[in-house]
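To keep things clear, I will list the structure first and then write my remarks on it.
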Amino acid sequence: MIDDKKSQILLLLPVIIVFSVLFALPLFTILIESFHEYEPGRIGSVEGAPLTIENYMELTHPVYFDYFLQTYAIAFYSTIISIISSFPIAYYIARNCSPGTKKAAISAMVGLLFLSHLVRIYATLLTFGSAGILAPVMSYVGVNTNSSWYIDVTIVAGLLQYTIPISVLVLIGTIQSLNPRLNEAAQSLGASVFTSHLTITLPLCIRGIVGAFLVSMTLGVSAFAIPWILGKGRVLFISNLIYSRFSEVGNLPSGSAVSITMIILAMIMVFLVSRMTSLVDRT
């Protein structure tokens, strides 16, 4: 038994080392930097600078609240639209497609993820932008393509290009594991197709839906190039703020504090969603 534990530890040792060097150590460095005092005109904190919580207190300013609210709101909207759009697609692929068609559909979804990041963004811009192919239609119906809400819609469209394929792939596995006879039994007892899916399929797929939600939300919140390009400088996400603090201003302590806060919020979100999922399973 002891030898088995030692062998398991030896097998995990390379993973632990890689994880520590590539993730834990840089994250710890960011954490320490976030508590250092920043001197304007420098890049980063002064060597031996005193520790302070001023970088975190600064985040209580309303302007930072707007950054976080804007980021999470747009990411949430895109995630909800992604789940609603992905579930029927995943269900059709899992239940109605032949094995060959199913493999082709899954391969297509995976292939979409390998498409260049910039190609997706500029394709969205050429479609929904002020000079895009939909611009004459928007002008005809009286929609201003430079309005703030339309820019938000364009960003959501850019995020959906990533979240929908990933959500479909996550949900296909969940739907395939369901017993189709449960729906058939409910319908034989008088339930409609819609009712059987609402009362049986969706509750049994809740963990897959939560998984797709968390993955899509993570992609949305951490997006950088999409709001940077499609937002036209008027919509900036937290990642853009972090980049500005690190690269443009040189205020590494402030950028580190924003990064740590973003990680904490992400952990809180995962905990709350997981907790809600557990409560739903119990009921």
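The values are calculated or read from the model by the stated rules, or taken from the named source; none is laboratory data. Keep in mind that what you see is a predicted model, and the values were worked out from it rather than measured. All Cβ positions, glycine included, derive from the backbone under ideal geometry; neighbour counts span all protein chains shown. Ligands, DNA and RNA are stripped out before the accessible areas are found, and what is left, the full protein with its side chains, is counted by its heavy atoms. Shrake-Rupley method; radii C 1.70, N 1.55, O 1.52, S 1.80 Å.
What is the percent carbon and sulfur in the accessible area of region 1-156, measuring with a 1.4 Å probe over the protein chains and ignoring ligands?
The nonpolar share, carbon plus sulfur, comes to 72 percent.
Taking the Cβ of LEU160 as the centre, find all other residues whose Cβ is under 15 Å away and add up their charges (Lys, Arg: +1; Asp, Glu: -1).
0
Going by accessible area, probe 1.4 Å, with all protein chains left in place, what is the ranking of ARG234, ARG120, ARG181, largest first?
Listed by decreasing accessible area, they come as ARG181, ARG234, ARG120.
With θ set to phi - 60°, apply the Karplus curve 6.51 cos²θ - 1.76 cosθ + 1.60 along region 35-40 and write out the HN-Hα couplings as whole Hz, x wherever there is a Gly or Pro.
9, 8, 7, 9, 10, x
Once you charge only the Cβ atoms, +1 for Lys and Arg and -1 for Asp and Glu, what is the size of the charge dipole of region 128-283 about its Cα centre, to the nearest 20 debye?
Charge dipole, region 128-283, about its Cα centre: 140 debye, nearest 20.
Rounded to the nearest whole Å², what accessible area per residue is found for region 144-251 with the 1.4 Å probe?
Ligands and nucleic acids excluded, the result is 45 Å² per residue.
What spacing in nm lies between the two simple spin-label points modelled at LEU25 and SER85, each 7 Å away from Cα in the Cβ direction?
4.1 nm
What is the percent carbon and sulfur in the accessible area of region 166-252, measuring with a 1.4 Å probe over the protein chains and ignoring ligands?
64 percent
Taking the Cα centre of each part, how many Å lie between region 244-283 and region 193-236?
Centre-to-centre distance over Cα atoms comes out at 16 Å.
Quick one: what are the phi-derived ³J(HN,Hα) couplings along region 12-25, Karplus 6.51/-1.76/1.60 with θ = phi - 60°, whole Hz, x for glycine and proline?
7, 4, x, 5, 5, 5, 4, 4, 5, 6, 8, 10, 5, 5
Work out the length of the dipole vector of the chain about its Cα centre, built from +1 on the beta-carbon of each Lys and Arg and -1 on the beta-carbon of each Asp and Glu, and round it to the nearest 20 debye.
The dipole of the chain has a size of about 1080 debye.
With the crude spin-label approximation of a point 7 Å out along Cα→Cβ, what separation in nm comes out for LEU115 versus ILE9?
4.9 nm
Per residue, what accessible area does region 6-126 have, given a 1.4 Å probe and all protein chains present, in Å²?
Here the residues of region 6-126 average 67 Å² of exposed surface.
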